[in-house]
Each structure stands twice: as C-alpha cells, then as structure tokens.
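Beneath this line is the structure, given in structure tokens, with notes to follow.
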Amino acid sequence: MANELAAHCVVSGVAEGEVIASSQSISFWGGVDPATGLINDPRHELFGQSIAGKVLVFPFGKGSSTGSLMILELVRVNKAPAAMINIKTEPILATGPIVCKHFYGKEIPIVTMEKSLFDTLKSGQYAKVNASLGRVIVRD
C-alpha cells in the first residue's frame, strides 16, 4: 500500500530509493565518510550504515559549511543519498545539492514536511520524492 505525503520543496528534483531514517541530526562534515557514504560518527544511531542511493530522512543538519563540500564529494564518488527529507533544512545543507546539480548534473531533491508526517517515515520503506510537486509517495 502506498501513502502520499505532502512536502515542501527546498531543492527541486525527483528521486526514489529505500528509506534510511534517523531521529538524530546529521553532520556531513565528520559524520559521513565522503569516500564510502557510511555514517562514521560512533555516537549516531545510524553508525556504520550507508546513505548511498537512499532516501535519507533526518530532522535537520548540523555542522559547518564544509558539509556542503562533503555532499559534493559524495556525488563525485557516487555515494550520495538519492534524496533528503527533513523537518527543517538549513541553507548550508541545501547548498551541496544545489551546487552538485551545476557541477555534476546530479539532482538530490530535498523536501521538508510537518513533524507528524516526518515521524511516519521508517527505515526499510521505499519512497519516491517529487520535490518539484511537493509530494512523497511511500510504500512499505
């Protein structure tokens, strides 16, 4: 069964993949290995898991402006998430996907959604993110 969830476009595009969800914020600088796409922060609940090709669900980002550079590197080595879903997206988090579209022609759509909808997303689901239309279709 599929559910269609309303979302707000931050970075346009369409992508789909398996959901990997966290209730914790993510820092791309120091929290994600840019060579492998693995969460490498041992304090993070997703430690050791890959974000490559996944719909990465996390409430908000944290960290420095170099996080956007880590997203560019993840795209360059084909280890970036397919899309991102947040409750709040900081401008610096959106910068990486915006720039990678121009550098590499790769879209990483980002959407935000209300917390009540965000909380329904679980790892292992499959999601299609259409940021341009503000919709996320989720299948269990």
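The values are calculated or read from the model by the stated rules, or taken from the named source; none is laboratory data. What you see is a predicted model; the values in this text were computed from it and never measured. Every residue, glycine among them, receives a Cβ derived from its backbone with ideal geometry; neighbour counts consider all protein chains shown.
Of all residues in segment 114-136, those satisfying the criterion of being part of a loop (DSSP other than H, G, I, E, B), more than 14 Å from residue 9 (Cα to Cα) and not aliphatic (A, V, I, L, M) are 119, 120, 122, 123, 124, 125. Restricting attention to segment 20-31, the residues that are within 21 Å of residue 119 (Cα to Cα) and surrounded by fewer than 21 Cβ atoms within 10 Å (Cβ to Cβ) total 5.
Considering only residues in segment 32-85 that are in a loop (DSSP other than H, G, I, E, B) and among the charged types (D, E, K, R), the one that is surrounded by the fewest Cβ atoms within 10 Å (Cβ to Cβ) turns out to be 43. Residues in segment 91-108 that are under 21 Å from residue 19 (Cα atoms) and either without any contact (Cβ under 8 Å) to a residue 60 or more places away in the chain or surrounded by 24 or more Cβ atoms within 10 Å (Cβ to Cβ) (or both): 93, 96, 97, 106, 108. Between 4, 18, the distinction of being charged (D, E, K, R), part of a strand (DSSP E or B) and more than 14 Å from the chain's Cα centre (by Cα) belongs to 4 only.
Could you check segment 86-105 and list, in sequence order, the residues that are part of a helix (DSSP H, G or I) and closer than 29 Å to residue 116 by Cα? If the condition is that a residue be part of a helix (DSSP H, G or I) and closer than 29 Å to residue 116 by Cα, then 91, 92, 93, 94, 95, 96, 97, 98 are the ones that fit. Filter segment 49-100 down to the residues that are under 14 Å from residue 24 (Cβ atoms) and of a type in the set (Gly, Ala, Ser), then identify the one that is nearest to the chain's Cα centre (by Cα). In this case the residue turns out to be 61.
For segment 82-97, taking the residues that are farther than 25 Å from residue 138 by Cβ and touching a helix residue (DSSP H, G or I) at 6+ places or on another chain (Cβ under 9 Å), the one that is modelled with the lowest pLDDT is identified as 92.
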